[in-house]
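What follows is a single structure, written as C-alpha coordinates, with notes after it.
The values are calculated or read from the model by the stated rules, or taken from the named source; none is laboratory data. Predicted model only: the values in this text are computed from it and were never measured. Note: ideal-geometry Cβ built from the backbone for every residue, glycine included; neighbour counts use all protein chains shown. Each accessible area value is taken on the protein alone, full model and side chains, heavy atoms only, with ligands, DNA and RNA left out. Shrake-Rupley method; radii C 1.70, N 1.55, O 1.52, S 1.80 Å.
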Amino acid sequence: QSAVEGSGGYVAMEKFTGPGMMKVFGSVGAIIGSFVKIFWWGFVIWALARWLFKVEFPYMRAVEAAGLAAMFGVLGAIVSLLLAVTMGSMFATPSLALLVDEFSPANKTHLLLGAVNFFNLWLVGVLAFGLSRLSGISFGKAALVLFCFWTALELAFIFAGAGQMAL
(Lines give C-alpha, C1' and ligand atoms only; values in the text may rest on other atoms or scores of the structure.)
Protein backbone atom coordinates (compact mmCIF):
# COMPACT_ATOMS: atom_id res chain seq x y z
CA GLN A 1 0.00 0.00 0.00
CA SER A 2 1.42 3.38 -0.98
CA ALA A 3 1.69 6.37 1.30
CA VAL A 4 -0.98 8.17 -0.72
CA GLU A 5 -3.47 5.36 -0.26
CA GLY A 6 -2.74 5.03 3.44
CA SER A 7 -3.04 8.77 4.09
CA GLY A 8 -6.47 9.12 2.54
CA GLY A 9 -5.10 10.78 -0.61
CA TYR A 10 -7.62 8.98 -2.78
CA VAL A 11 -10.48 10.19 -0.62
CA ALA A 12 -9.29 13.79 -0.98
CA MET A 13 -8.82 13.33 -4.71
CA GLU A 14 -12.33 11.88 -5.07
CA LYS A 15 -13.76 15.01 -3.42
CA PHE A 16 -12.31 17.11 -6.24
CA THR A 17 -13.12 14.72 -9.09
CA GLY A 18 -16.47 13.34 -7.99
CA PRO A 19 -19.80 14.07 -9.65
CA GLY A 20 -20.56 17.00 -7.33
CA MET A 21 -17.38 18.86 -8.22
CA MET A 22 -17.85 18.09 -11.89
CA LYS A 23 -21.25 19.81 -11.71
CA VAL A 24 -19.68 22.83 -10.01
CA PHE A 25 -16.82 23.06 -12.52
CA GLY A 26 -19.25 22.55 -15.41
CA SER A 27 -21.58 25.29 -14.16
CA VAL A 28 -18.76 27.76 -13.54
CA GLY A 29 -17.23 26.88 -16.90
CA ALA A 30 -20.53 27.48 -18.69
CA ILE A 31 -20.93 30.90 -17.09
CA ILE A 32 -17.36 31.96 -17.86
CA GLY A 33 -17.65 30.51 -21.38
CA SER A 34 -20.81 32.54 -22.02
CA PHE A 35 -19.05 35.79 -21.17
CA VAL A 36 -15.98 34.87 -23.18
CA LYS A 37 -18.16 34.02 -26.17
CA ILE A 38 -19.89 37.42 -26.09
CA PHE A 39 -16.58 39.30 -25.90
CA TRP A 40 -15.13 37.04 -28.62
CA TRP A 41 -17.97 37.73 -31.06
CA GLY A 42 -17.82 41.42 -30.14
CA PHE A 43 -14.14 41.39 -31.05
CA VAL A 44 -14.87 39.60 -34.35
CA ILE A 45 -17.50 42.19 -35.32
CA TRP A 46 -15.27 45.09 -34.27
CA ALA A 47 -12.17 43.69 -36.03
CA LEU A 48 -14.01 42.90 -39.28
CA ALA A 49 -15.53 46.38 -39.37
CA ARG A 50 -12.21 48.05 -38.62
CA TRP A 51 -9.83 46.03 -40.78
CA LEU A 52 -11.98 44.70 -43.59
CA PHE A 53 -14.58 47.43 -44.04
CA LYS A 54 -12.43 50.33 -42.73
CA VAL A 55 -15.18 51.54 -40.39
CA GLU A 56 -14.49 52.45 -36.77
CA PHE A 57 -16.84 52.29 -33.81
CA PRO A 58 -16.26 51.54 -30.11
CA TYR A 59 -15.46 47.93 -29.22
CA MET A 60 -18.12 47.92 -26.50
CA ARG A 61 -20.81 48.71 -29.09
CA ALA A 62 -19.80 45.49 -30.85
CA VAL A 63 -19.94 43.65 -27.51
CA GLU A 64 -23.43 45.08 -26.98
CA ALA A 65 -24.52 43.76 -30.38
CA ALA A 66 -22.96 40.36 -29.61
CA GLY A 67 -24.69 40.28 -26.22
CA LEU A 68 -28.07 40.94 -27.79
CA ALA A 69 -27.43 38.27 -30.42
CA ALA A 70 -26.42 35.83 -27.66
CA MET A 71 -30.06 35.68 -26.55
CA PHE A 72 -30.66 33.40 -29.53
CA GLY A 73 -27.91 31.16 -28.19
CA VAL A 74 -29.75 30.97 -24.87
CA LEU A 75 -32.95 29.98 -26.66
CA GLY A 76 -30.95 27.39 -28.64
CA ALA A 77 -29.51 25.96 -25.42
CA ILE A 78 -33.00 25.57 -23.96
CA VAL A 79 -34.23 23.82 -27.11
CA SER A 80 -31.11 21.59 -27.09
CA LEU A 81 -31.72 20.68 -23.45
CA LEU A 82 -35.33 19.76 -24.19
CA LEU A 83 -34.26 17.68 -27.20
CA ALA A 84 -31.56 15.92 -25.18
CA VAL A 85 -34.02 15.00 -22.44
CA THR A 86 -36.74 13.95 -24.88
CA MET A 87 -34.49 11.92 -27.17
CA GLY A 88 -32.18 10.58 -24.45
CA SER A 89 -28.98 11.79 -26.11
CA MET A 90 -26.78 14.71 -25.14
CA PHE A 91 -25.94 15.13 -28.83
CA ALA A 92 -29.57 15.81 -29.79
CA THR A 93 -29.48 19.43 -30.94
CA PRO A 94 -31.58 21.42 -33.40
CA SER A 95 -29.14 20.59 -36.18
CA LEU A 96 -28.72 18.29 -39.13
CA ALA A 97 -27.29 15.74 -36.67
CA LEU A 98 -30.91 14.80 -35.89
CA LEU A 99 -30.80 12.90 -39.20
CA VAL A 100 -28.16 10.52 -37.77
CA ASP A 101 -29.41 7.46 -35.87
CA GLU A 102 -26.33 6.90 -33.69
CA PHE A 103 -24.36 10.15 -33.34
CA SER A 104 -20.64 9.63 -32.80
CA PRO A 105 -18.47 12.58 -31.73
CA ALA A 106 -15.49 10.78 -33.27
CA ASN A 107 -17.08 10.85 -36.73
CA LYS A 108 -16.20 14.07 -38.60
CA THR A 109 -19.28 13.78 -40.84
CA HIS A 110 -21.51 13.64 -37.76
CA LEU A 111 -19.70 16.67 -36.33
CA LEU A 112 -20.18 18.57 -39.59
CA LEU A 113 -23.91 17.81 -39.46
CA GLY A 114 -24.02 18.82 -35.79
CA ALA A 115 -22.29 22.11 -36.56
CA VAL A 116 -25.18 23.11 -38.80
CA ASN A 117 -27.25 24.07 -35.79
CA PHE A 118 -30.17 26.26 -36.75
CA PHE A 119 -29.78 28.49 -33.70
CA ASN A 120 -26.08 29.04 -34.48
CA LEU A 121 -27.04 30.07 -38.00
CA TRP A 122 -29.64 32.42 -36.56
CA LEU A 123 -27.02 33.83 -34.16
CA VAL A 124 -24.60 34.50 -37.02
CA GLY A 125 -27.40 36.17 -38.99
CA VAL A 126 -28.21 38.48 -36.07
CA LEU A 127 -24.49 39.23 -35.64
CA ALA A 128 -24.38 40.12 -39.33
CA PHE A 129 -27.32 42.46 -38.81
CA GLY A 130 -25.44 44.09 -35.91
CA LEU A 131 -22.28 44.45 -38.01
CA SER A 132 -24.36 45.93 -40.82
CA ARG A 133 -26.03 48.50 -38.54
CA LEU A 134 -22.84 49.47 -36.70
CA SER A 135 -20.68 49.83 -39.80
CA GLY A 136 -23.21 51.08 -42.34
CA ILE A 137 -22.43 48.31 -44.83
CA SER A 138 -25.10 46.24 -46.50
CA PHE A 139 -26.54 43.27 -44.66
CA GLY A 140 -25.55 41.01 -47.59
CA LYS A 141 -21.85 41.90 -47.28
CA ALA A 142 -21.91 41.55 -43.51
CA ALA A 143 -23.72 38.21 -43.70
CA LEU A 144 -21.37 36.84 -46.35
CA VAL A 145 -18.27 37.78 -44.35
CA LEU A 146 -19.60 36.50 -41.01
CA PHE A 147 -20.96 33.25 -42.44
CA CYS A 148 -17.62 32.59 -44.15
CA PHE A 149 -15.78 33.36 -40.90
CA TRP A 150 -18.13 31.14 -38.87
CA THR A 151 -17.81 28.28 -41.40
CA ALA A 152 -14.01 28.51 -41.36
CA LEU A 153 -14.04 28.50 -37.54
CA GLU A 154 -16.33 25.46 -37.36
CA LEU A 155 -14.23 23.55 -39.89
CA ALA A 156 -11.04 24.43 -38.01
CA PHE A 157 -12.50 23.08 -34.76
CA ILE A 158 -13.70 19.87 -36.39
CA PHE A 159 -10.55 19.08 -38.35
CA ALA A 160 -8.22 20.10 -35.50
CA GLY A 161 -9.80 17.42 -33.34
CA ALA A 162 -11.82 19.84 -31.19
CA GLY A 163 -15.14 18.89 -32.75
CA GLN A 164 -17.04 19.34 -29.50
CA MET A 165 -16.29 23.07 -29.78
CA ALA A 166 -18.16 23.15 -33.08
CA LEU A 167 -21.40 21.79 -31.61
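Of all the residues that make up region 39-53, how many are open to solvent by 40 Å² or more (accessible area, probe 1.4 Å) and without any contact (Cβ under 8 Å) to a residue 60 or more places away in the chain?
Result for region 39-53: 6.
Counting only helices (runs of 4 or more DSSP H) that fall entirely inside region 54-153 and contain at least 3 residues that are within 20 Å of Ala30 (Cβ to Cβ) and either open to solvent by less than 80 Å² (accessible area, probe 1.4 Å) or of a type in the set (Gly, Ala, Ser) (or both), the qualifying elements are 59-87, 118-135. Remark: pairs (first residue in region 125-151, closer than 14 Å to Ala62 by Cα; second residue assigned to a loop (DSSP other than H, G, I, E, B) and small (Gly, Ala, Ser); Cβ separation under 7 Å; 6+ apart in sequence or on different chains) = Ser132/Ser138. Taking the numbered list (1) in contact with a Lys or Arg (Cβ under 8 Å, 6 or more places away or on another chain); (2) open to solvent by 30 Å² or more (accessible area, probe 1.4 Å) in turn, Ile158 passes all entries but (2).
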